[in-house]
2 protein chains.
Amino acid sequence: MNIDAAREALKHLEIDDNPVSVRAKSRDFFWYSPVLKARLDHVTADFVVAPRTEAEVIEVLRVCHAHEVPVTTRGSGTGNYGQAMPLAGGCVLHLVHMNAVKAIHPGRVIVEPGCLLKDLDAEAGKTGQEIRMFSSTWATATIGGFIAGGSGGVGSCTWGALRDLGNIIRLRVVTMEAEPRVLEFTGEELHRVSHAYGTNGIITEIEMPLAPAYDWVEIFVATPDFPMASRLASDLADQDGILKKLVSVYEAPIAQQFFQRVAPHVQPGEALLGLMIAPHAMDGFLTFLARHPGARLIWRSDSPDWPREPGRVFEYGWNHTTLRALKVDPAVTYLQVRYAAPDHVAKVEAIRAAFPDGEVMQHLEVMKEGGRTMFAGLSLVRFTTEARLDEIVRIHEDMGCMIFNPHRYTLEEGGRQSVDDRQLDFKREADPKGLLNPGKMIAWDEPGFDYGCVYAYRGMRGQ
Amino acid sequence: MNIDAAREALKHLEIDDNPVSVRAKSRDFFWYSPVLKARLDHVTADFVVAPRTEAEVIEVLRVCHAHEVPVTTRGSGTGNYGQAMPLAGGCVLHLVHMNAVKAIHPGRVIVEPGCLLKDLDAEAGKTGQEIRMFSSTWATATIGGFIAGGSGGVGSCTWGALRDLGNIIRLRVVTMEAEPRVLEFTGEELHRVSHAYGTNGIITEIEMPLAPAYDWVEIFVATPDFPMASRLASDLADQDGILKKLVSVYEAPIAQQFFQRVAPHVQPGEALLGLMIAPHAMDGFLTFLARHPGARLIWRSDSPDWPREPGRVFEYGWNHTTLRALKVDPAVTYLQVRYAAPDHVAKVEAIRAAFPDGEVMQHLEVMKEGGRTMFAGLSLVRFTTEARLDEIVRIHEDMGCMIFNPHRYTLEEGGRQSVDDRQLDFKREADPKGLLNPGKMIAWDEPGFDYGCVYAYRGMRGQ
């Protein structure tokens, strides 16, 4: 690794090597996890380069390849699995300037990776369209980061996950070789680089499907108890004629303790739903809601009546729930759980019964998976020790609920604990020196790893 | 019934009492069914009135109420359950002139009932929108007839059925009383008059949801056998990220025998799928299709390569399948079958095994029902006798497959063989003399009917 030579060769580009700002640009939301916070807090790159064109990306990759400098790509750094943390130092490739919306057609957009989700929606909105799904960090996250580091979000209750066929149309990717190549991926090939944390190529252009934009009505509903809320959420998702973009469920006392502006409007013990419903589906939705006596609509964004408005309802959901909880109680962390159909409602109840004392608080996001309604759990957890956290994970797994562990920084441990051969094979081809976001793909570094303990990347630069 | 007095009182309106054209306007597609053909072929009204405004509708209903003249409402007469047949004679209320598209907003349209589905889509298309679902008679049927006499269609593979919450927003209805009232129905009240054949009120204005309009790619796919086709269809419907408007499945020899322009492109024994896929979902769809070795894409409307183009693919589906078969073989008729989730694929196979000799040919339309993919069967049947047809119905029912019998002209027999109390209660209120489309609601005429035989309306005017 010859940092100085690489930096010198790239000095005509926008380089930042001020240690304070480089460190800031070397961090993401890894600190959501006390486990990752303990392990990654010291991590920093040597310099940051912010290319303006694909040609500059190619140049960075060629130079860093020549000088064996690791390259970790950054969107806005809103991931919370440490996706953007440069474990081995080196170069952070910051795509902030590659933010152009290149073309918008009926049903699709062509965009550069550094475009903020919010800005992308603003452009698409001029044609009456919007992206199908986005993370709750919509206001600050990039589309490239969402694809490389995310899996779904607001909109997944209708459209499923990013990995589902049709939810990404095309990705243009630059490899890290002596002479970087530019490749275009569609279909099955998309999986080589989507949700790969930038470990095997740099996405420089994205083609995504668009959906019609509506003035979504954002809604909070309170229910007397949690089972009613989770059942209502699942049934609402099964209403094919009611168009919706968000269906979130929060067990008490999440709203009461962590949602400051909502808290005055819910009773102790009440569960909360956060919803986004198309305006022309509101009549159908209210009819549906009236079939659930006891459920109270307490807020709707199209007729606000709270002295202090709550803001965007989706900024209570997905990983903003954890963020809001952390702000109130730094000892809170979370887990990502898959409650698969068709027993998703019952599975959540079984987990609730296993943690009767409030150590695990249920936060569910409704998704579609293979045509079925299911729950993604982003459960809040009152953290005590790593050992106990691991035990909680094990209890979930033993009860048939898969965990995507957000206290791990590798693709495998944060995923299904198995090698994705498509990603690994493409890394062999596109990053032969293993310089792209090193330490994030166990299969590359340590093929025999048995997941018996937390993976510790040997190449991590010391404190 | 004082026909002459009513006609005289309405003579300032557009009246038709030429027996030839009145008979033509007294007929729908009842002749799809040999059973209905035998019973209803002689049916005709005494006169037809074609109002231009809601005020004229009110006048017709007031006058006919006063003179006890039955009123049967007509859109375009494309129903095939005899919905528009004036069994007791009297007046046909022809809504042909009430066809205005009154307003189009994002996600919804306000329209008069006599507007053709095709014309409605043309207007909505100016704002980049279209109706969520339509019958295969899109080119000739009206929106009012679709709502009053239909249940779903092209688009139901995504949006479910018309009865599902959100698929109709508002209906404006005129009652048939001494002084007709005008009522506005939303929510639960919609079910009073939707799919009620105009037996308890006349719809004069409709508010419907709209979806984004796309240049749908219309597709035929051939598969080596039928189980592969039905499985592929169901799996495609479960692909949440692939936006589609039509998924039809045809068992051999339907395409070979009845689809003239498709026949040269399928092999003996091959099953056929008819599809409409959003253009921006084509890459996802082709990726999906490639996962099914043996399935062959034989036609796509965006790159036509047949010497004789097949026309609109949806005009092979839903009830156009039966129409095409009837044109080739007048001895063919059909049944409507519900193959409910989650065993829909297996249920169809069980039915196929029960009719191994080609007496029943499977034609499936994929729908969503309660969030689940299922099949509506519009099976073609080689008709021999009414007794055998009834036996075929019984075999289906005994095997757990509900039949919506298209060889019956009553709401109950064509539906779930049970009284819809919402419709009946509203008829008591809105049509106290029982003059609206008489003979179509058993619960009104003969509350004790036990469904032991075909219902025969006692008030039917003789031949």
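The values are calculated or read from the model by the stated rules, or taken from the named source; none is laboratory data. Owing to the predicted nature of the structure, the values given are computational and were not obtained by experimental measurement. Methodologically, a virtual Cβ is constructed for each residue, glycine included, from the backbone with ideal geometry; neighbour enumeration extends over all protein chains shown. What goes into the accessible areas is simple: the full protein's heavy atoms, side chains included, and nothing from ligands, DNA or RNA. Shrake-Rupley method; radii C 1.70, N 1.55, O 1.52, S 1.80 Å.
Quick notes
- The stretch B:220-324 - convex hull of alpha carbons, volume per residue in Å³: 92 Å³
- Solvent-free Debye scattering, log10 I(q)/I(0), computed from the Cα coordinates of the stretch A:1-131 at q = 0.13, 0.17, 0.18 Å⁻¹: -0.60, -0.89, -0.95
- Other-copy label distances relative to A:Val20, 7 angstrom Cα-Cβ extension, nm: 9.6
- Antiparallel DSSP beta bridges within the protein assembly as shown, percent to nearest 5: 90 percent
- Average Cα contact separation per residue, chain A, under 8 Å, 6 or more apart, as relative contact order %: 16 percent
- Across the alpha-carbon atoms of the stretch B:396-463, the computed radius of gyration and Dmax are 13.0, 41 angstrom.
- Each principal axis of the stretch B:266-415 carries a Cα extent, and these read 47, 36, 30 Å when sorted largest first.
- Label-point separation, B:Arg231 to A:Asp343 (7 Å along Cα→Cβ), nm: 2.5 nm
- Using the alpha carbons alone, the radius of gyration of the protein assembly as shown stands to its Kirkwood radius in an Rg to Rh ratio of 1.03.
- Seen from a random direction on average, the alpha-carbon convex hull of the stretch A:342-463 projects onto 9.6 square nanometres.
- The stretch B:142-187: Cα Rg divided by the 2.2 N^0.38 Å rule of thumb: 1.38
- Other copies of B:Ala122: label-to-label distances in nm, shortest first, labels 7 Å along the beta-carbon direction: 4.0
- For the rotation that carries chain B onto chain A, the axis lies closest to a Cβ at B:Pro212, 2, where the number is the distance in whole Å.
- When the stretch B:64-119 is reduced to its Cα atoms, the Kirkwood hydrodynamic radius in Å: 13.0 Å
- Pairwise Cα inverse-distance average, inverted: Kirkwood Rh of the stretch B:236-278 (Å): 11.4 Å
- Relative frequency of Cα-Cα separations exceeding 19 Å in the stretch A:324-413, percent: 37 percent
- Based on DSSP H segments of at least four residues, each scored -39500 (n - 2.57), chain B has a per-residue ellipticity at 222 nm of -8000 deg cm²/dmol.
- Per-selection Rg to Rh, the stretch A:108-178 - Cα, Kirkwood hydrodynamic radius: 0.98
- Summing both sides, the accessible surface hidden between A and B at a 1.4 Å probe radius is close to 2900 Å².
- Between B:His105 and B:Asp329, the modelled label-to-label distance comes to 5.1 nm, taking each label 7 Å out from Cα in the direction of the beta carbon.
- A Cβ-based charge dipole, computed about the Cα centre of chain A with Lys and Arg at +1 and Asp and Glu at -1, lands at about 520 debye.
- Debye intensity ratio in log₁₀ form over the Cα atoms of the stretch B:143-223, taken at each q of 0.17, 0.23 Å⁻¹: -0.70, -1.09
- Other-copy label distances relative to A:Trp31, 7 angstrom Cα-Cβ extension, nm: 7.9
- Comparing each chain alone with all protein chains together (probe 1.4 Å, DNA, RNA and ligands left out), the residues of the stretch A:119-138 losing at least 10 Å² of accessible area are A:Arg132.
- Cα radius of gyration and Dmax for the stretch B:97-233 (Å): 16.5, 62
- Over chain A, volume per residue of the alpha carbon convex hull, in Å³: 138 Å³
- Size of electric dipole in the stretch B:320-399: Cβ of Lys, Arg +1 and of Asp, Glu -1, about Cα centre, debye, nearest 20: 300 debye
- Projecting label points 7 angstrom from Cα along Cα→Cβ for A:Leu286 and B:Arg416 puts them 2.6 nm apart.
- Cα-based shape type of the stretch A:188-232, given that a ≥ b ≥ c are square roots of the gyration tensor eigenvalues and the cut on a/c is 1.5: prolate
- Charge context of A:Met361, other residues only, Cβ under 9 angstrom, K/R +1, D/E -1: -1
- Efficiency of FRET from Cβ geometry, B:Lys126 and A:Val454, R₀ 56 Å, rounded to 0.05: 0.40
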